[in-house]
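J.: Can you read through this structure? Questions will come right after.
The values are calculated or read from the model by the stated rules, or taken from the named source; none is laboratory data. If you're wondering where the values come from, they're calculated on a predicted model, not measured in any experiment. Every residue, glycine as well, gets a Cβ built from its backbone with ideal geometry; the counts of neighbours run over all protein chains shown. Ligands, DNA and RNA are excluded from the accessible area calculation, which covers all protein heavy atoms including side chains. Shrake-Rupley method; radii C 1.70, N 1.55, O 1.52, S 1.80 Å.
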Amino acid sequence: MFSPFSDEALVRRYYLYRATISVGFITPIFTLFLLQTLTFTQVGVLSALYSLLSVGGEIPTGYVGDRLGRRASLLLSVAFTVSSLAGFILAEGFLWYAFLYALWALALTFRSGSMDAWLYDTLDERLDTSRFSYVRGRGDAVQKWTAAVSMVGGGILYGLDPIYPFIAAVVFNGLGFGTLFLLPKNHQYADRGNSDADHLGPRDALTIIRKYLAQPPLRSMVLYVGLFYAILGVAHTYVQPMALETLTPYAAGFGVEIPLGGATAAARSGEAGAALAVGLGVMYASLSAISAMGGYYAGAVEDFFGTNRAVLLVPAVAAFALVVPLWVGLLALPTFATMRAATPLVQPITNGYINDHVEGIGRATVLSAVSMFSMALRTPLALGAGMMADATTATTAVAALGGLFFVFGGAVWLFGEIAPDTEATGME
């Protein structure tokens, strides 16, 4: 049944697992690594492919999480993550990268619903589900702080050799296998002799998705935050070239050597130079430390503003921040900080709200369906942003994404009620 360690020790082991899924070693240099051989449009195609495959995989992998167990799903996620990272060490070119993006998409989908479903069910069994936003947010903070430390190392390693950050990531993320075996299975999966009556069938999964997501109270919130996650996910792809476009003129004033051809040319060619690569690592580490505060205080923000206002305001502020650097380049730094903090701030709140309104056995499936919707929106956005970045600049493409959120997110807000106060579903 359950492992003998205490409930609070279990929470600490969950935090340890969250640390091992950080990809800080490659985060500050990943787009620049791709731009060594690809165009912005090709990077956009890869991002769209990743989103499309995630759409196709979310429901089946969420079903795996509900059928075989959350921990089994999370173990598969680690396996696909490590395989994808190892592939970037060995392979090169658009087609190989497309295959590695497919592995990365599988890693995400096997984790997206199962991680939160495991935590919520574990809190329900051992502690208190009202702590979900608090524990989930602290887990985000642990992951971000771990990323902050490894991002500096990633920038330094990239300056030595572009492959080194990926080698470090393979070793570090491989530790996720060990941390998962420290976590117990949820109660309904602890005894493999349980009858199928306790499990979810494929038809049941589709029925549950229609039941919970096609009507209030979840429908408008899923539309609003799904669009937000999609836009912010695409925008993150362009942080590195956008930083070179907006901030390197200021860096030049401090004696930092700018690559031949200027910042924009460096962003398009991937030739950032060792000093700028290290600078990106330090910048990302600082932003990650700031964004960790978002997850850390997610529960406090929910208590202060209420679920409805928190879910409404955080995405709106983040979308406005995407537009600002188009006017004042130096304000890209607070924009990056806002982008990094917004998702870990709002996601524990929204996922907690969803969990409160979904019965236990179908939670992983519903959360995966929400992620699937976001990925479906992300596919055309990634293609459009890539083409716009090639035609103009990465900064312009990101600003356009912010404008899109105000148009379509505003329409959702006008015609639907986002995260209304309703009675939670009875827990199983």
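J.: Would you calculate the convex hull of the Cα atoms in region 279-413 and tell me its volume per residue in Å³?
T.: 132 Å³
J.: Let me ask something additional. How large is the translational diffusion coefficient of region 110-166 in µm² per second when you combine the Kirkwood radius over alpha carbon pairs with Stokes-Einstein at 10 °C and 1.306 mPa s?
T.: For these conditions, the coefficient is 118 µm²/s.
J.: Which three lengths, in whole Å and largest first, does region 298-360 cover when its Cα atoms are put on their principal axes?
T.: That works out to 47, 21, 15 Å along the principal axes.
J.: Evaluate the distance, in nm, between pseudo-label points positioned 7 Å from the Cα of THR37 and of ALA91 along their respective Cα→Cβ axes.
T.: About 1.0 nm, to one decimal.
J.: Using heavy-atom solvent-accessible surface (probe 1.4 Å) with all chains present, what is the largest-first order of GLU245, GLU8, GLU417?
T.: Solvent-accessible surface, decreasing: GLU417, GLU8, GLU245.
J.: Follow-up question, since we're still on this one. Rounded to the nearest percent, how much of the accessible area of region 292-332 (1.4 Å probe, protein heavy atoms only) is carbon and sulfur?
T.: Exposed carbon and sulfur together represent 73 percent of the surface.
J.: So how compact is region 8-51: Cα radius of gyration and Dmax in angstrom?
T.: When restricted to Cα atoms, region 8-51 yields Rg and Dmax of 16.1, 48 Å.
J.: Here is a follow-up. Return the sequence-ordered ³J(HN,Hα) values of region 321-335 in whole Hz as given by the Karplus equation 6.51 cos²θ - 1.76 cosθ + 1.60 applied to θ = phi - 60°, using x for Gly and Pro.
T.: 5, 5, 7, 4, x, 5, 9, 10, x, 5, 6, 4, 4, x, 5
J.: Which one of LEU75, TRP145, PHE132 has its Cα pushed farthest toward the positive end of the charge dipole of region 65-191, where Lys and Arg give +1 and Asp and Glu give -1 at the Cβ?
T.: Projecting each Cα onto the dipole axis, the largest value belongs to PHE132.
J.: Also: Rounded to the nearest 0.05, what FRET efficiency do TRP327 and SER130 give with R0 = 41 Å and r taken as the Cβ-Cβ distance? Could you check?
T.: On the way: r = 42 Å, r/R0 = 1.04.
That gives a FRET efficiency of 0.45.
J.: Continuing with the same structure: Taking θ as phi - 60°, what are the ³J(HN,Hα) couplings along region 76-86 by the Karplus curve (6.51, -1.76, 1.60), each to the nearest whole Hz, with x for Gly and Pro?
T.: Values per residue, Gly and Pro as x: 5, 4, 4, 4, 6, 4, 5, 4, 5, 4, 5 Hz.
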